[in-house]
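Here, each number is a calculation from the coordinates, and none is a lab measurement. Just so we're clear, the structure is a prediction, and the values are computed from it rather than from any experiment. Ideal geometry is used to build each Cβ from the backbone, glycine not excepted, and the neighbour counts take in all protein chains shown.
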Amino acid sequence: MAGGGTFTHADAYCESTISMQFRGTKRWRIQAFPEIRHYLNASSFGDEQIYGEQQHVSWMPETEFTVGPGQCFIFPTGYLHETFVDPKSNDAECYTASTFQFNHPRQVNLYRSFSSRFSMSHYGMSEPCLKNIESYATLMSKGRFEGKPDESRARAEAERLVKLMDRNGDGQLNKDELYGHFATGEKQRQELMERGRFKYSWFRQQTPERQAELEEESMNVWSEDAVQYHDLGRDKLVSVDELTYGLFHWNVIQYRASTMRSHAEIQSPKKWAKKALKAEQDMLAKFYCADPAACPALDELKRFADATLQSKPAMAALQSKVLRMMESEDLSMPTSRDSNHRSQLSTTKQQQTKK
Ligand SMILES: [Ca+2]
Ligand SMILES: [Ca+2]
Ligand SMILES: [Fe+2]
């Protein structure tokens, strides 16, 4: 409807989205998923939560544009967006747009770069987005990633994996070597379909021929994306150093999340907040700050803690927010698929949010 739209939000799904406009024009404002430096600032950016300085970051759209009939807009997981069907350019009737998500290609570079902030948002805490990239991040290694981060263990594992799969003996892994190791042989292929999370709900509805085609596509998607995930130098080869970095990075993120989950049984908000604060200080000092004495993330955490630990209601609210996000009960997230959950928004309110 003219005057309708959505308040700023990050959708819940773990795939990139295409929004196609059939009739009418829609104005979009967008902003990359904000940095989240510690679990005490865990955020899901559900509808309108970012407005009015209610969160640790402000709504500062990077750009604004209009999508008209026959046009579409494609954006990755986590892009904050706000839409508005401006009555000034649309008569008072109904307009049609449609959105859907892509299963492939997967957004492995985005996930590697954003896995830290995603892990402290609904994408890692209540949605399976990080679970979906585990097979890439670990190169199908099993377990051993929730324990204390240990770079020498990550290096030993990287060396073992490269040695195991390096068929041409150049000391690095390419797409064909990963395909050769994980996508040949029925048992390997089934395991990759399972752990690579390629068993989409619509898969079973396909004919056997189509299923075979999709399986082959999945094998190629995985092999290519696994290289992409780890290949920081962009030469289409994964070196031992690159793989060490990828495995260690994943280890840090998993350990940090499991530490936070291990506090879930603590009843007292004060005890919980102190534990959480201590754990986050340790994580930031050890793994996120080149120099703990001059580290913006630690400074921010300290400011946040100073403000929050003074107030019992603030500690209780914080504990309940983080626990709810971990229990997949974050009810603030839109459940509809980018429908017009902001129906008939008044222009005044829209203007107010534009500050
Ligand atoms: Ca090789
Ligand atoms: Ca490389
Ligand atoms: Fe949306």
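Using the Cβ-Cβ distance between residue 232 and residue 285 with R0 set to 25 Å, the FRET efficiency works out to roughly 0.55. Mind checking which of 133, 264, 97 is farthest towards the positive end of the chain's charge dipole, using Cβ charges of +1 (Lys, Arg) and -1 (Asp, Glu) about the Cα centre? Result: 264, furthest along the dipole toward the positive end.
Distance between the modelled labels on residue 1 and residue 205, one decimal in nanometres: 3.1 nm (7 Å Cα→Cβ projection). Taking the Cα centre of the range 133-247 as origin and assigning +1 to Lys and Arg Cβ atoms and -1 to Asp and Glu Cβ atoms, the resulting dipole is close to 400 debye. The P(r) of the range 265-323 has a tail past 13 Å containing 60 percent of all C-alpha pairs.
The label point for residue 141 and the one for residue 66, both projected 7 Å from the Cα toward the Cβ, are 5.3 nm apart. Taking θ as phi - 60° and the Karplus parameters 6.51, -1.76 and 1.60, the scalar couplings of the range 283-292 work out to 4, 5, 5, 7, 10, 10, 10, 5, 9, x Hz in sequence order, x denoting glycine and proline. Of the residues 59, 183, 18, the one whose Cα sits farthest toward the positive end of the charge dipole of the chain, with +1 on the Cβ of Lys and Arg and -1 on the Cβ of Asp and Glu, is 59. From helices alone, the chain scores -13000 deg cm²/dmol at 222 nm; the rule is -39500 (n - 2.57) for each run of n ≥ 4 DSSP H residues, then divide by the residue total.
For the range 173-313, the C-alpha radius of gyration sits at 1.52 times the compact-globule guess of 2.2 N^0.38 Å, with N the residue count. Assign one of three labels to the range 52-191, namely rounded, prolate or oblate, based on the Cα gyration tensor with a ≥ b ≥ c the square roots of its eigenvalues; rounded applies when a/c is under 1.5, prolate when it is not and a/b is larger than b/c, and oblate otherwise. Note, shape of the range 52-191 comes out prolate. Across the range 222-237, rounded Karplus estimates of 3J(HN,Hα) from the backbone phi angles (6.51 cos²θ - 1.76 cosθ + 1.60, θ = phi - 60°) give 5, 4, 5, 5, 5, 5, 3, 4, 9, 7, 5, x, 6, 10, 6, 10 Hz, Gly and Pro being marked x.
Annotation: extensible slack from residue 302 through residue 213 equals 26.7 nm (criterion: 0.36 nm per residue apart, minus Cα-Cα distance).
By the gyration tensor of its Cα atoms, with a ≥ b ≥ c the square roots of the eigenvalues, what is the shape of the range 230-304: rounded for a/c under 1.5, prolate for a/b over b/c, or oblate? Verdict is oblate for the range 230-304. In a reduced charge model with +1 at each Lys and Arg Cβ and -1 at each Asp and Glu Cβ, the chain shows a dipole moment near 1140 debye about its Cα centre.
Checking the table 142/274; 26/199; 148/270 against a 29 Å threshold on Cα-Cα, which pairs fail? Flagged as over cut-off: 142/274; 26/199. Solvent-free Debye calculation, one equal scatterer per alpha-carbon of the chain: log10 I(q)/I(0) at 0.07 Å⁻¹ equals -0.36. Starting from the Cα gyration tensor of the range 133-247, take the square roots of the eigenvalues, sort them a ≥ b ≥ c, and report rounded, prolate or oblate (rounded when a/c is under 1.5, otherwise prolate if a/b is larger than b/c, else oblate). The shape class here is prolate. Two numbers describe the Cα atoms of the range 171-224: Rg and Dmax, which are 11.6, 42 Å. The value of relative contact order for the chain, using C-alpha pairs under 8 Å at least six residues apart, is 25 percent. Each peptide in 96-104, 296-304 was scored by the mean count of other Cβ atoms within 10 Å over its residues; highest first, the order is 296-304, 96-104. Where the alpha-carbon atoms of the range 5-104 are placed on the principal axes, they occupy 44, 35, 19 Å, in descending order. Amide hydrogen proximity for residue 97: with H placed 1.01 Å from N in the peptide plane, the residues at 5 or more positions away or on another chain lying under 5 Å are 22. Dipole size of the range 265-323 about its Cα centre, with +1 on Lys/Arg Cβ and -1 on Asp/Glu Cβ: approximately 340 debye, rounded to the nearest 20.
Remark on residue 16: its backbone amide H falls under 5 Å from those of 77, 102, a criterion applied only to residues 5 or more positions apart or on other chains, H modelled at 1.01 Å from N.
Remark: the range 107-119, residue by residue, has Karplus-estimated 3J(HN,Hα) of 9, 5, 5, 4, 5, 5, 5, 9, 5, 5, 5, 5, 5 Hz, where x stands for each Gly or Pro and the curve is 6.51 cos²θ - 1.76 cosθ + 1.60 at θ = phi - 60°. Seen from a random direction on average, the alpha-carbon convex hull of the range 7-49 projects onto 4.1 square nanometres.
Cysteine residues of the chain whose Cβ has no partner cysteine Cβ closer than 4.7 Å: 72, 94.
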